[in-house]
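Read through the structure below, which is laid out as C-alpha cells, and then see the notes.
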Amino acid sequence: MPIKVVLIDDHKLFREGIKRILDFEPDFEVVAEGDDGNQAVELISIHQPDVVILDINMPNMNGVETTRKLLDQFPDLKILILSIHDDESYVTHALKSGAQGYLLKEMDTEELIEAIKVVKEGGSYLHPKVTHNLVKEYRRLATESQKNQLSRVEYRKPLHLLTRRECEVLQLLADGKSNRGVAEALYISEKTVKNHVSNILQKMNVNDRTQAVVQAIKNGWVDVS
C-alpha cells in the first residue's frame, strides 16, 4: 500500500511542486491538499493519512500550533514540518510540538522521499543542514557547562565499531552533508553511501542519522569544532 500523504502549504506553486514529485513515486499517494491549519484538521479527519507535510509559516494557525492541535485529536499521526528557516529555535519549537521531522524547502527530491519514509516508520528526520546547526549548538552548550572541566570531548574514531570508511561517512553526516554531498566528498556513488549509512545505523543501534550524529557527538566520535 502506498504511503498516504496530506499536503498543507499556503504557497500553491510550491505545494504543486511537492505533489508532482510524489505523484511520480509509486510508494506515495497524495490524498488531499490544503492552505492552512484549519483545513488540515478537516482533511485529516476525512482522509486519515499516514503522514502530513506542514508548512511552518501559514496564515491563521502556523505549523507548530497546527501540529499540537492535530496530535491532540490524532495522536498517532506522523507530521513532517517544511520551513525556510534553519534557525535552531524554529527546529526546537517544531520538535517540541510533536513533529517527527523538519525539512528545509531547499531540500532535494531524495531528501523529501527519505524523510517521509523515515517519519512514516516512526523515526525522526532532520534536514542535513539543520542537523549540522543543532550539532554546533550542542557543542556550544556542552562547552559552557564544562568550563571547569575539559573544554571539549576528546576526538577519537570508533574503529572498534565502524570501519574507517564508515567513520568518514559519519563525520560527513555530522558536518551536515546529504547523501549526495557525502558521495561527492568521498568520490563514491549515492547507493554506496546509503549502504554505509544503513550499516552505521545498525552497528550503532539507532533508528536514523540524527540519532547517530547525536550519539557520535556525545561519545566524541566526530569532530564538530
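So which residues in the range 158-189 are open to solvent by 60 Å² or more (accessible area, probe 1.4 Å) and not in a loop (DSSP other than H, G, I, E, B)?
The answer is Arg164, Arg165, Glu168, Arg180, Glu184.
Examine the range 43-55 for a residue that is over 20 Å from Leu112 (Cα atoms), out of contact with any strand residue (DSSP E or B) (no Cβ under 8 Å at 6 or more places or on another chain) and modelled with pLDDT of 90 or more, and state whether such a residue exists.
Looking through the range 43-55, at least one residue is over 20 Å from Leu112 (Cα atoms), out of contact with any strand residue (DSSP E or B) (no Cβ under 8 Å at 6 or more places or on another chain) and modelled with pLDDT of 90 or more.
Tell me which strands (runs of 3 or more DSSP E) are completely within the range 1-111 and hold 3 or more residues being free of Cβ contacts under 8 Å to residues at least 40 places away in the same chain and closer than 21 Å to Asn133 by Cβ, or say none if there are none.
101-104
The values are calculated or read from the model by the stated rules, or taken from the named source; none is laboratory data. If you're wondering where the values come from, they're calculated on a predicted model, not measured in any experiment. Every residue, glycine as well, gets a Cβ built from its backbone with ideal geometry; the counts of neighbours run over all protein chains shown. Just the protein is used for accessible areas: all its heavy atoms, side chains included, with ligands, DNA and RNA removed. Shrake-Rupley method; radii C 1.70, N 1.55, O 1.52, S 1.80 Å.
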